[in-house]
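Read the structure below first, then the notes.
None of the figures in this text is laboratory data; all of them are computed from the coordinates on show. All of these numbers come straight from a predicted model, not from anything done at the bench. Here the Cβ is made from the backbone with ideal geometry for all residues, glycine too, and neighbour counts use every protein chain on show.
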Amino acid sequence: MKEFDVYAYGVIASSELHLLSMAFPSPDSYAEIAASHFMTGGEALNSAIVLSRLGVSVQLDGNWIGATPVGERLLATIARYGIDTQRLRVEPGFAGVREIVFSDDRSRTIFGNYVDLLSTTRKWNIPRKDDLAKARLVCVDPPFQAESALVGAYAVELGVPFVSIDCPYDQALASSAAAVIISGEFRNRAYPHVALAELFAAYQQRAQGLVVLTVGDEAILYGRKGTPGKQLKPYAVNVIDSAGAGDSFRAGVIYGMLQQWSDEQTIQYAAAVAGMVCASFPGVLNSPTHAEVMHFMQVYPSAQ
């Protein structure tokens, strides 16, 4: 008997989210803040919260939490969602991972201390294989390099499917995953001169599982090795806050995989979760329940 539906390993951050009433400003100009909110940040944490709201049990692991008032508030926020935090380490003298996000109706701009996190000494846990063995599915972020790769290797060894994001196609986190999701942001950064179709084919040729390429509000491209790629247009929603859209999409993919749905049903569900998160503020903390997602899909059909 598995103790958790999902073991999520990756980035855990506190966030100050500021919603702008106009476009993000150019240098030396001005923009109006419409609302501000204490938020969560980091792919693993945001995905864990959305999954919890969907009724999925999650154990969270990853970087250390600062022994500060902000860190205490972050832990209290996580606890409200029933997420298992037994592995989270509170580190004295560490400020924690923090970010400030400005979001308008088309973009999000992040200021944080991720370079300090990832380019100095290790400030994250080494994953434990026995934790992965307790889960039905594993969710892993790539930034922690050897430790992130170890999560994928443990999952393969244990026969537990894992879902990864934004990793090169020639790495095991992509090729061995049950699903790998590549964002437009990562594609533009890692493969700026590679055409979308060519990049999709490169992932497909090496992948054992589902490959998904997202491109903001453009069509989602998905498919498996040896099959033609399929497309699904995201739901047309009034975007209020796009922060956490990708994390919410991944949570929807994981939910569909836990239900053993078809790829088409899984991607459409994930698109609905992401659309609903984008249409609320703050989106991740107010992410929908499963019943709300199903109702949304009935009322607002997406274009195939």
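Miscellaneous remarks
- Sorted by Cβ density within 10 Å, fewest first, the residues Ser15, Ser36, Ser183: Ser36, Ser183, Ser15
- Mean Cα-pair separation over length for the chain, i.e. relative contact order, pairs under 8 Å, 6 or more apart, %: 18 percent
- For Ile220, distant residues with modelled amide H under 5 Å away: Leu232, Lys233
- With both labels modelled 7 Å from their Cα along Cα-to-Cβ, the Gln259 to Ser107 distance reads 3.5 nm.
- Mean-position separation - Cα centroids, region 212-229 and region 136-196, in angstrom: 16 Å
- Candidates Asn188, Asn125, Asn46, ranked by Gaussian network fluctuation over the chain, Cα under 10 Å, top entry: Asn188
- Remark: Tyr9, Tyr114 ranked as Tyr114, Tyr9, counting other beta-carbon atoms within 10 Å and listing the fewest first.
- With contacts taken as Cα pairs under 8 Å and at least 6 residues apart, region 104-219 reaches a relative contact order of 19 percent.
- Cut-off 16 Å (backbone N to label point 7 Å along Cα→Cβ of Leu196), residues of region 231-269: 231-236
- Helical content alone sets the calculated 222 nm signal of the chain at -10500 deg cm²/dmol, taking -39,500 (n - 2.57) per DSSP H segment of four or more residues and averaging over every residue.
- Taking a ≥ b ≥ c as the square roots of the eigenvalues of the Cα gyration tensor, an a/c ratio of 1.5 or more together with a/b no larger than b/c marks region 66-187 as oblate.
- Among Arg250, Arg53, the ranking by other beta carbons within 10 Å of each residue's beta carbon, starting with the fewest, stands as Arg53, Arg250.
- Fully extended contour minus Cα-Cα distance, from Thr227 to Ser36, at 0.36 nm per residue: 64.3 nm
- In a fully extended conformation the segment linking Ala219 and Gln86 would gain 44.0 nm over its present Cα-Cα distance, using 0.36 nm per residue.
- Cα gyration tensor shape for the chain, rounded if a/c is under 1.5, else prolate or oblate: rounded
- Cα centroid separation, region 276-303 to region 115-135 (Å): 31 Å
- FRET E, pair Ala133, Ala76, Förster distance 30 Å, beta-carbon r, rounded to 0.05: 0.55
- Residue of His18, His37, His193 that the Gaussian network model of the chain assigns the largest fluctuation, springs spanning Cα pairs under 10 Å: His193
- Among Gly226, Gly66, Gly275: highest mean-square fluctuation, GNM of the chain, C-alpha pairs under 10 Å: Gly226
- Spin-label pair Asp116-Asn238: with each label point 7 Å from Cα along the Cα-Cβ axis, the two points sit 3.9 nm from one another.
- Length added when fully stretched, Ser280-Asn188, from 0.36 nm per residue minus Cα-Cα: 30.4 nm
- Between amide H atoms placed 1.01 Å from N, distances below 5 Å from Ala35 occur with Leu19, all of them 5 or more places distant or on a separate chain.
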